[in-house]
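I have placed the structure first, in the form of C-alpha cells, so that the comments after it can refer back to it.
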Amino acid sequence: MSVPSEHLFVLAAVLFAIGAAGFFLRRNLIVVLMCVELMLNAANLSFLAASRMHALAAGSPGLSLEGPTFAIFVIVVAAIEAAVGLALVIALYRNRQTVSLDALTDLKD
Amino acid sequence: MADALFYVMAVAAVLAALGVVLAKNPMQCVLSLLASFFALAVIYLLAGFQFLAAAQILVYAGAILVLFLFTIMLLNLGNPGSEDPTDVRMFSRANAGLMVVVAAALLFVAALGVRRAGPLPVAASTPKTGLDPIPALAGEMFGRYLLPFEAISVLLLATAVAVVVLAKRDRRPNEGGRT
C-alpha cells in the first residue's frame, strides 16, 4: 500500500470526531461506552500511522515498535474500560431500571 | 489495488462509525461498531500491521463486542420498540449544532497539523514480515516496557475482581453486614 500517512491521520481524526460527537449526543449509556471504544480505536490508528511513518521514513528506514506496543496497551485498556463500564451499567439497571443518562441527575438536583 | 481497497475500507469505517452514532436501536449500534472494527482491521493489515490486525479482530470483535451484546441482551434493550425515548430528542437541541462545531474544529486542527508537517513519506516498500513482527514486539514488551506490562496485568486482575463485585446481586449494606 502506498497511501501517504496523512490520509491515515485524517481518517483517525474523522473517526475520533464522530466518536466524540456521539459521546456527547447520545443518552443511552451503552451507546456512550461504544463511542468511547470508537475514540480509542481512532487513537490506535493514529499510533499505528505514526509508527508506519517513522518506519518508512526516507532517511532512516527500520522498525518503529513504539506505536504497535502502545496500541496493544490501548486495546487492553479498552477491554478493561468496557468490562467495568458494562458492570456499572448492569448495577445501575438493577437499581433504576434505566440506562438513560437523563435519569441520572442525583448530583445536579 | 491495495490503495483502492484502503479508501474503500476508510469510507466503510467512517460510515459504520456514523451508524453507531445515528442508529436508534443499541443492537444496530453494536453491529455498526463491528463493521467499523473489521474495516479498521483491514486497514491495519494493508498498512503492514499484521499482528495488530489479528489482535483487533480477536480482542475487539471477539471479546469487547460480545460483552456489549451480552449486556444488551441481559438488560433486554435490543427489542424493536423498546428504544430509549429520551434518545429521540438528541438532535433537536442546540447541543447537536455545538457538536458539529466541535467536530469540525477537531478536524480543522488535525488538518492544520498535517499541513504543517508537510508531505509525509509515502510507503515505498513494507517489509515482508510487516511493521510489527511478533519476535521484535515481544522483545519490546518484555524488555523496555516490562513495567507497564506488569502494571497493566495487575490492572486486569483488579478489573476482574471489581467486575464480579459490581455485578453481584444483593449488595444492600443494611442487610445484616453481608457486603
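Where a number appears in this text, it was derived from the coordinates with a stated rule and is not lab data. In this text, all values refer to a predicted model and were calculated from it rather than measured experimentally. Cβ coordinates were reconstructed from backbone atoms using ideal geometry, including for glycine residues, and neighbour counts include every protein chain displayed.
The order of A:Asp106, B:Asp132, B:Asp3, going from fewest to most other C-beta atoms within 10 Å of their C-beta, is A:Asp106, B:Asp3, B:Asp132.
Of the residues A:His54, A:Ala87, A:Leu15, the one whose Cα sits farthest toward the positive end of the charge dipole of chain A, with +1 on the Cβ of Lys and Arg and -1 on the Cβ of Asp and Glu, is A:Ala87.
Candidate cross-link partners of B:Lys128 among the lysines, defined by an alpha-carbon separation under 18 Å and a same-chain spacing of 8 or more, are absent. In terms of surrounding Cβ atoms within a 10 Å radius of their Cβ, A:Arg96, A:Arg27, B:Arg169 rank from fewest to most as B:Arg169, A:Arg96, A:Arg27.
Distance between the modelled labels on B:Ala96 and B:Ser153, one decimal in nanometres: 5.0 nm (7 Å Cα→Cβ projection).
Secondary-structure-derived ellipticity at 222 nm for chain A, considering helices only, amounts to -26000 deg cm²/dmol, per-run term -39500 (n - 2.57) for DSSP H runs with n ≥ 4. Over chain A, what portion of Cα pair distances is larger than 20 Å, expressed as a whole percent? Of the Cα pairs, 53 percent sit more than 20 Å apart. Convex hull volume of the C-alpha atoms in the protein assembly as shown, normalised per residue: 149 Å³. Of A:Arg94, B:Arg116, A:Arg52, the sequence from fewest to most neighbouring Cβ atoms within 10 angstrom is B:Arg116, A:Arg94, A:Arg52.
With R₀ set to 51 Å, the beta-carbon distance separating B:Arg144 from B:Leu5 gives a calculated FRET efficiency near 0.90.
Overall, the protein assembly as shown carries a charge dipole of about 400 debye about its Cα centre when +1 sits on the Cβ of Lys and Arg and -1 on the Cβ of Asp and Glu, all other atoms neutral.
Pull out a ≥ b ≥ c, the square roots of the eigenvalues of the alpha-carbon gyration tensor of the stretch B:132-174, then state rounded if a/c is under 1.5, prolate if not and a/b is larger than b/c, and oblate in the remaining case. Taking the square roots of the gyration eigenvalues as a ≥ b ≥ c, the stretch B:132-174 is prolate.
When the Cα positions of B:Thr159, B:Pro148, B:Ala138 are compared along the charge dipole of the stretch B:132-174, B:Thr159 comes out farthest toward the positive end, with charges on each C-beta of Lys, Arg, Asp and Glu.
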